[in-house]
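Asks: Next up is a structure, given as structure tokens.
The values are calculated or read from the model by the stated rules, or taken from the named source; none is laboratory data. Keep in mind that this is a model prediction, so the values were computed, not measured. So basically every Cβ, Gly included, is an ideal-geometry build from the backbone, and we count neighbours across all protein chains shown. With ligands, DNA and RNA removed, areas are computed over all heavy atoms of the protein, side chains included. Shrake-Rupley method; radii C 1.70, N 1.55, O 1.52, S 1.80 Å.
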Amino acid sequence: MKNLLTELRKNLHLPFFIISLIGLNLLFFTSEAVKGSDGKGYSVWSILTMSKRLPLTSRLEFGWLSLWQAGLGPWTLLAAPVISCAGFIYCNAEEKKNRAECFIKIRQRRLTFTFGKVVSGIVCAALTLTAAYALFGLILYPFFPKPDAYRESFGSVVDMTYGSSTALYVLKNLAGVFLLGCFMSLLPVILSSFLDDPYLLVSLPVLGTYLYERVIQRMYFTAFGMEHADILEALNLEGLPHVFDQARPDISLVILLLLITACFILYHLIRFKRRDELI
């Protein structure tokens, strides 16, 4: 635990953390939130700047929770793995470049070293993404109507979408975003085990996320996807922010746990290739 806390302090070093918060919030605010009657898409920032001139209670899309969720748009999901892992990527690249990692490995057992690196990378990304998303929600909160403002006109829709408790819905959403951050960190963590170039560590996760999205989208139009939409929804781990509202949340959680375990094993095997160094 001491090693883990040390790694977390390095990865969540204040300049990296603040830059990541700013970068993620820029993505949140530029995500498309509402389609206008002219067919044009409007970002969260556009809706915020026009909020005083819009009939906010006329459409559920103008509500606080709807706009908060809209921040997790396609471009956000594409770039979030790199931004949320920025501190981890930079610290590990510098340790390898300066050969400081050799001294760390000498002082620690191999499994302790792997545990500290992998878990700190995952937790760092999850905490960064969750903190940025919570900050985004707090910024929007004073400007847009809450679910209760829509209950008179859209009562059944509001209850079905957000449930009876707004606080519980917010907590479930934040927990889901934390899990999404864990999932998004896995590829950067694995790549950092054998890559030293920070430019590759920045570009390859974006490419990997794009390919993953394309594969999942194509699966929705296959015979399996049409017959088993609930299972495919559980397999799409980019839907983790809404995992607790899915029909089969257990599938998503088990898959995420298996991926984290596989990430730990791969990282350990790559970093300590000799068989006599694996323990």
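Asks: Could you give P(r) for segment 136-212, binned at 10 Å from zero, as whole percent values over all Cα-Cα pairs?
Replies: Percent of Cα pairs in each bin: 15, 29, 22, 20, 12, 2.
Asks: Apply 1/(1 + (r/R0)^6) to the Cβ-Cβ distance of HIS228 and THR261, taking R0 = 30 Å, and write down the FRET efficiency to the nearest 0.05. Can you show the working numbers first?
Replies: On the way: r = 25 Å, r/R0 = 0.83.
For HIS228 and THR261, the calculated efficiency is 0.75.
Asks: Per residue of segment 76-82, in order, report the coupling 6.51 cos²θ - 1.76 cosθ + 1.60 (Karplus, θ = phi - 60°) as ³J(HN,Hα) in whole Hz, putting x for Gly and Pro.
Replies: So the J values, rounded to whole Hz, are 5, 5, 6, 9, 4, x, 6.
Asks: Taking amide H positions as placed 1.01 Å from N in the peptide plane, with prolines and chain starts having none, which residues 5 or more places from ALA33, or on another chain, fall under 5 Å of its amide H?
Replies: Amide H neighbours of ALA33: TYR42, SER43, VAL44.
Asks: Separate question: So how many Å³ per residue does the convex hull of the Cα atoms of segment 164-279 work out to?
Replies: On the way: hull volume 15.9 nm³, N = 116.
Normalising the Cα hull of segment 164-279 by residue number yields 137 Å³.
Asks: Using just the alpha carbons, could you tell me how many Å³ per residue the convex hull of the chain encloses?
Replies: On the way: hull volume 42.5 nm³, N = 279.
With only Cα atoms used, the chain gives 152 Å³ per residue.
Asks: Then there's this: With the other protein chains left in place, how much accessible area per residue, in square angstrom, belongs to the chain at a 1.4 angstrom probe?
Replies: Numbers: 14720 Å² over 279 residues.
Counting only protein heavy atoms, the per-residue value for the chain is 53 Å².
Asks: State the Kirkwood hydrodynamic radius of segment 1-112 in Å, one decimal place, computed from all pairs of distinct Cα atoms. It would help to have the intermediate numbers written out before the result.
Replies: Details: mean 1/r = 0.0590 Å⁻¹.
Hydrodynamic radius (Kirkwood, Cα pairs) of segment 1-112 is 17.0 Å.
Asks: How much length is gained if the chain between TYR199 and ILE139 is pulled fully straight, taking 0.36 nm per residue apart and subtracting their Cα-Cα distance, in nm to one decimal? Could you put the intermediate results ahead of the total?
Replies: Numbers: separation 60, 0.36 × 60 = 21.60 nm, distance 3.21 nm.
Length difference between fully extended and current span is 18.4 nm.
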